[in-house]
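**Student:** Dropping a structure here in C-alpha cells format, bear with me for questions.
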Amino acid sequence: MRDYDEVVEIVYAWQQDTGEGVPARDLSDEDLFRELAALYRTRLDSLRHASDQALTRHTTRTVELETDYVRRFPDREINPDRLRSGARTRS
C-alpha cells in the first residue's frame, strides 16, 4: 500500500495534467472512500455557489466514483429499512 505522501504526490501530478483527478479505477478502496466523503461534504456548497462548469465537474466526478464503488462492492449491504415498497435487491 502506498503511503499518504506518495498518494498526495500522485493525485497532485494527475490534477496538474488533467484537472480531473485520479481515475476512480486507479484509487485504492481507502482513497475511493475518502474522495467520496470529500465530494459529499462539498456538494451543497458546489450546488449553491460554484460556476456551472465546476458544478458539472463535481457531478461527473461523483457519478464516476459512485459507479466504481458499486462495481467494486456489488454485494454491499442493503438496509431493508431504506427500501420502498416493491423495491428489490439483486438476487
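The values are calculated or read from the model by the stated rules, or taken from the named source; none is laboratory data. Note that the structure is a prediction, hence the values are computed from the model and not measured. With ideal geometry, Cβ positions are generated from the backbone for all residues, glycine too; neighbour counts draw on all protein chains shown. Note: areas computed on protein heavy atoms with side chains; ligands, DNA, RNA excluded. Shrake-Rupley method; radii C 1.70, N 1.55, O 1.52, S 1.80 Å.
**Student:** Of the residues that sit in region 37-47 and are more than 12 Å from G21 (Cβ to Cβ) and touching a helix residue (DSSP H, G or I) at 6+ places or on another chain (Cβ under 9 Å), which one is most open to solvent (accessible area, probe 1.4 Å)?
**Tutor:** First pass over region 37-47, keeping only residues more than 12 Å from G21 (Cβ to Cβ): 37, 40-47.
Now narrow it down to the ones that are touching a helix residue (DSSP H, G or I) at 6+ places or on another chain (Cβ under 9 Å): 40, 42-43, 46-47.
On the way: Y40: 123, T42: 62, R43: 82, S46: 18, L47: 102 Å².
Here the answer is Y40.
**Student:** Scan region 48-75 for residues that are open to solvent by 60 Å² or more (accessible area, probe 1.4 Å) and over 16 Å from the mean Cα position of the chain (by Cα) and jot them down.
**Tutor:** Within region 48-75, R48, H49, S51, D52, Q53, D75 qualify.
**Student:** Same structure again: I need the full set of residues from region 1-24 which are loosely packed, with under 11 Cβ neighbours inside 10 Å and either polar (S, T, N, Q) or modelled with pLDDT of 60 or more (or both), in order please.
**Tutor:** Passing the criteria: D3, D5, E6, Q16, T18, G19.
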